[in-house]
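**Student:** Here it is, the structure, as structure tokens.
The values are calculated or read from the model by the stated rules, or taken from the named source; none is laboratory data. Quick caveat, the model's predicted, so the values are computed rather than measured. Cβ atoms come from the backbone with ideal geometry, glycine included; neighbour counts cover every protein chain shown. Ligands, DNA and RNA are stripped out before the accessible areas are found, and what is left, the full protein with its side chains, is counted by its heavy atoms. Shrake-Rupley method; radii C 1.70, N 1.55, O 1.52, S 1.80 Å.
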Amino acid sequence: VEGSGIREFRGSALVAASTAAIRSLLRDADRFKQWFPNTSESRLLAREGDVSYQYSVLDTPWPVSDRDNVFRAETTVDA
């Protein structure tokens, strides 16, 4: 993100599924730990329309301390 120490990324892919099915999968907060290996804790903090906030704890190998974060995700559909 310009002007800060936070990195951002954008991913894109071609998938043989409907837009609705993909969007539903991406917004499934209960399966967050399946998407991110080594995640010991995860919970949905808030959902505001197309934007969701997820808290998670990533288990890291010794000697690094576990990391926690708040993940902001926005799902939109282009015409």
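**Student:** Can you find, within the stretch 61-79, the residue that is nearest to residue 12 (Cα to Cα) among those that are of a type in the set (Asp, Glu) and at pLDDT 85 or above?
**Tutor:** 74
**Student:** Can you tell me which residues in the stretch 21-30 are of a type in the set (Gly, Ala, Ser) and either assigned to a loop (DSSP other than H, G, I, E, B) or open to solvent by 70 Å² or more (accessible area, probe 1.4 Å) (or both)?
**Tutor:** Within the stretch 21-30, 24 is the sole residue that qualifies.
**Student:** Looking for something modelled with pLDDT of 90 or more, touching a Lys or Arg at 6+ places or on another chain (Cβ under 6 Å) and open to solvent by 60 Å² or more (accessible area, probe 1.4 Å) - is there at least one such residue anywhere in the stretch 49-60?
**Tutor:** Checking the stretch 49-60: at least one residue is modelled with pLDDT of 90 or more, touching a Lys or Arg at 6+ places or on another chain (Cβ under 6 Å) and open to solvent by 60 Å² or more (accessible area, probe 1.4 Å).
**Student:** Moving on. I need the full set of residues from the stretch 4-20 which are part of a helix (DSSP H, G or I) and either farther than 20 Å from residue 79 by Cβ or of a type in the set (S, T, N, Q) (or both), in order please.
**Tutor:** 19, the sole residue that qualifies.
**Student:** Let me ask you something else. Across the stretch 31-53, what is the total count of residues that are in contact (Cβ under 8 Å) with a residue 12 or more places away in the chain and in a helix (DSSP H, G or I)?
**Tutor:** Looking only at that region, the number is 2.
**Student:** Do you know which of the residues in the stretch 1-20 that are more than 22 Å from residue 55 (Cα to Cα) and open to solvent by 100 Å² or more (accessible area, probe 1.4 Å) is modelled with the highest pLDDT?
**Tutor:** Here the residue is 16.
**Student:** Let me ask something else about it. I'd like to verify a number: residues in the stretch 67-79 that are open to solvent by less than 80 Å² (accessible area, probe 1.4 Å) and not in a strand (DSSP E or B), how many?
**Tutor:** Going through the stretch 67-79 one residue at a time, the tally reaches 1.
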